[in-house]
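Single-structure report; data block below.
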């Protein structure tokens with residue numbers, strides 16, 4: 001629906017393939033962030049050979065990107081419909097006696113708490129508009145800002161830093177040097193179709209069915225902007241053609 005407010009959404013998974021959802025492992029922000037920061041890094045090997053005065057940096061690896069977000073938790077009622085004409089967040093903004101305690105508990109349970117079955121925090125998928133990020137929490141800093149007379153917090157901000165995570169099948173594809181195109185992951189833009197994207201990668205759109213199969217895409221005619229698509233190396237595709 002045009003004009004519909006889409007809230008930032010976090011979904012927790014217990015496995016590194018992002019297939020097993022964590023029970024009650026969903027969080028939707030009350031207030032969308034004003035900005036988010038994506039940090040990319042290329043690591044170079046600077047080690048110098050014995051007996052040499054200098055050496056040219058050599059590419060080592062490109063680690064997954066980092067994401068930083070700031071979340072606002074508010075139960076004062078002041079921020080009802082904040083920045084959203086016609087929307088109603090009354091039920092979320094009202095203080096129900098515990099201030100923001102329940103909101104922060106849910107947030108921490110999804111992004112921070114230890115998963116006893118997997119012996120580690122959850123794997124996370126963060127989505128909002130064109131943002132689609134897979135990763136794990138690296139750091140969380142919560143600042144409480146406003147309180148009731150009895151000390152119950154009513155407002156807080158949380159700065160969360162996440163480390164990107166690439167599933168093994170995508171990582172192997174991106175590191176496969178036998179392919180003429182070393183980058184096998186593409187982000188879907190508005191207007192993109194799978195045959196068109198396949199043509200850009202391989203020079204021929206006929207492999208789109210193999211790409212759909214590799215990504216478990218059941219309806220290749222309805223791609224979502226921001227979606228990540230993995231393109232297998234050409235040798236694998238042609239061998240199945």
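A few remarks follow.
- Note on residue 16 and residue 206: the extension gain reaches 65.3 nm, defined as 0.36 nm multiplied by sequence separation minus the Cα-Cα distance.
- Peptides 96-107, 219-230 ranked from most to least packed give 96-107, 219-230, packing being the mean of other C-beta atoms within 10 angstrom over each peptide's residues.
- Per-peptide average of other Cβ atoms within 10 Å, ordering 185-193, 144-152, 67-75 highest first: 67-75, 185-193, 144-152
- Take the Cβ atoms of residue 152 and residue 227, set R0 to 51 Å, and the FRET efficiency comes out at 0.80.
Just so you know, all these numbers are worked out from the coordinates, no wet-lab data involved. Here the structure is a predicted model, which means the values were calculated and not measured. In this analysis, Cβ positions are derived from the backbone assuming ideal geometry, glycine residues included, and neighbour counts consider all displayed protein chains.
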